[in-house]
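The values are calculated or read from the model by the stated rules, or taken from the named source; none is laboratory data. Only a predicted model underlies this, so the values are computations on that prediction, with no experimental measurement involved. For neighbour counting, all protein chains shown are included, and Cβ atoms are generated from backbone atoms with ideal geometry for every residue, glycine included. Only protein heavy atoms, including side chains, enter the accessible area calculation; ligands, DNA and RNA are left aside. Shrake-Rupley method; radii C 1.70, N 1.55, O 1.52, S 1.80 Å.
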Amino acid sequence: GLPALQSVAGGGLHTLALTRTGTVWAWGENALGQVGDGSTESRLRPVQLHGLPAMRLLASRTRHNLALDINGKVWSWGAGSTGELGTGALHSSAQPQQIAALQDVRSISAGDGFSLAVDAQGALWAWGANLNGQLGSTVATDQSLPGLLPNLAGVLGLAAGYRHTLALHADGSVSSWGYN
């Protein structure tokens, strides 16, 4: 069985688990590498992902995943055709890879083909699919690297939906944009 868990995250047809010691385990559908064990074979039982630093937060969506390590760095794996992995590439990855552009991150969220992060200064970063403006840009162009949303500051929390984004601000207000 699995060691004692801290949290779980459910993707479309796969699941991630974070243990209390910061290790990541995954299982389920794996055609695009969303399990993250370096293969594309579906896993009926949990497998531990090796070579990662200790993690503190997981986010998963239909076919891709994000993980936030204890040093504020973000890792991604799985589907990547719309740039949702944030590495500049437009292809899938069967192994977690660090997103070099992001440092000192405190929160992450995975949407349907896009991803979000909030850094320690409360700045919001977005990347991936942007057909409906979910990245905060009126130009409906996918973005394969994290981009800073310049008109937002003091973001405390975030949530990525199907094709929309929500941001919780320090004053208690909420902003939203994308598919309506």
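For the pair the stretch 1-18 and the stretch 129-180, the centres of their Cα atoms are 26 angstrom apart.
Each of Ile99, His64, Ser7 was scored by the projection of its Cα onto the charge dipole of the chain, and the greatest displacement toward the positive side belongs to Ser7; charges sit on the C-beta of Lys, Arg, Asp and Glu. For the stretch 83-168, averaging the sequence separation of C-alpha pairs within contact (under 8 Å, six or more residues apart) and dividing by the residue count gives a relative contact order of 30 percent. What's the carbon and sulfur percent of the stretch 85-140's accessible surface, probe 1.4 angstrom, rounded to a whole number? Percent of accessible area from carbon and sulfur atoms in the stretch 85-140: 51. Among Gln34, Gln121, Gln48, the largest mean-square fluctuation in a Gaussian network model of the chain, built with springs joining Cα atoms closer than 10 Å, belongs to Gln121.
Each Lys or Arg adds one and each Asp or Glu takes one away; over the other residues whose Cβ falls under 12 Å from the Cβ of Gly28, this sums to 0.
Structural descriptor for the chain: relative contact order 14 percent, calculated from alpha carbon pairs under 8 angstrom and at least 6 residues apart. Would the stretch 61-155 count as rounded, prolate or oblate if I go by the C-alpha gyration tensor, calling it rounded below 1.5 in a/c and otherwise prolate when a/b exceeds b/c, oblate otherwise? In terms of gyration-tensor shape, oblate. Each of Gly133, Leu16, Ser81 was scored by the projection of its Cα onto the charge dipole of the chain, and the greatest displacement toward the positive side belongs to Leu16; charges sit on the C-beta of Lys, Arg, Asp and Glu. If you add up the charges near Leu18, with Lys and Arg at +1 and Asp and Glu at -1, over every other residue whose beta carbon is less than 13 angstrom from its beta carbon, what do you get? Summing Lys/Arg as +1 and Asp/Glu as -1 gives +1.
GNM on the chain, alpha-carbon springs under 10 angstrom: the most fluctuating residue among Leu44, Leu124, Leu152 is Leu44. Based on protein heavy atoms only, the chain ends up with 46 Å² per residue of surface accessible to a 1.4 Å probe. Normalising by the residue count of the stretch 1-82, find the relative contact order in percent from Cα pairs under 8 Å and 6+ residues apart. So the answer I get is 25 percent.
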